[in-house]
Amino acid sequence: MHNGFVNVDDEKMSKSLGNFFTIRDVLASGHVRHPEVLRYFLIGSQYRGPINYSLAQIEQADAALGRLYTALRGLEAPPVGVAGAVTAARAPSSNGSNDSAAWQAFHAAMDDDFNTPEAIAVLQSLAGEINRARDAADLGRATALAQELRAIGAVLGVLALPAEEWFRASKTAATAQSDGWDEARIEAAIAERKAARTAKDFKRSDQIRDELAAAGIVLEDKPGGITVWRRS
């Protein structure tokens, strides 16, 4: 199996550019709420295509995964282990739950050369059905769909936490360090980072980006050498 290249802020990741880091580095950086966010981000692209890593993309993955956990909130079922989920996906259960439209769509996506973005779309569609059932006060259907969402998500290695635990996994470290970063200080740091990138001092450039991210400040590099920022 040949996977696509990993890009960082639209540049190919390579040691020569100084923008190389490991999954362990990302998890230790404080940029992600929970390792599931990184997994969700990675399966958001089909494995043969390129993956563009950026803090903005990580934030989007966090929000998308959060929508799934929001659908599960208050409809708790025990999280499903990956092995159990795969077994359930292969063999029809007593109530035929894996013959549902969602399971069929999930199977079709995964049979299509591991089309994980389409598989994720199945999860998001199920979350929408759960919310509609909840709005209609049909808690029985909402609970059954929540169990199905859990089971399909487990095949992909996500939705393994109780929903309330997910919402407690906040970026407390980043929030604690955000004090003292006013607009002037942020703009000065961005200017220093731009100068470092111009000088090809990518180590210093990445260090500045990481310092800002640790303070809850997300940078987005735009065409024309423009960098915009926002607080996460």
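The values are calculated or read from the model by the stated rules, or taken from the named source; none is laboratory data. On a predicted model such as this, the values are computed, not experimentally measured, just so you know. For neighbour counting, all protein chains shown are included, and Cβ atoms are generated from backbone atoms with ideal geometry for every residue, glycine included. Each accessible area value is taken on the protein alone, full model and side chains, heavy atoms only, with ligands, DNA and RNA left out. Shrake-Rupley method; radii C 1.70, N 1.55, O 1.52, S 1.80 Å.
The single condition among (1) surrounded by 13 or more Cβ atoms within 10 Å (Cβ to Cβ); (2) modelled with pLDDT of 85 or more; (3) among the hydrophobic types (A, V, I, L, M, F, W, C) that A137 does not satisfy is (1).
Listed by first and then second residue, the pairs linking a residue in segment 213-229 that is of a type in the set (D, E, K, R) to a residue that is open to solvent by less than 70 Å² (accessible area, probe 1.4 Å), with Cβ atoms under 6 Å apart and 6 or more places separating them unless they lie on different chains, are E220/A56; E220/V228; D221/D9; D221/T227.
Being polar (S, T, N, Q) and open to solvent by less than 40 Å² (accessible area, probe 1.4 Å) is the filter; apply it to segment 27-51 and report the residue that is modelled with the lowest pLDDT. Among them, the one singled out is S29.
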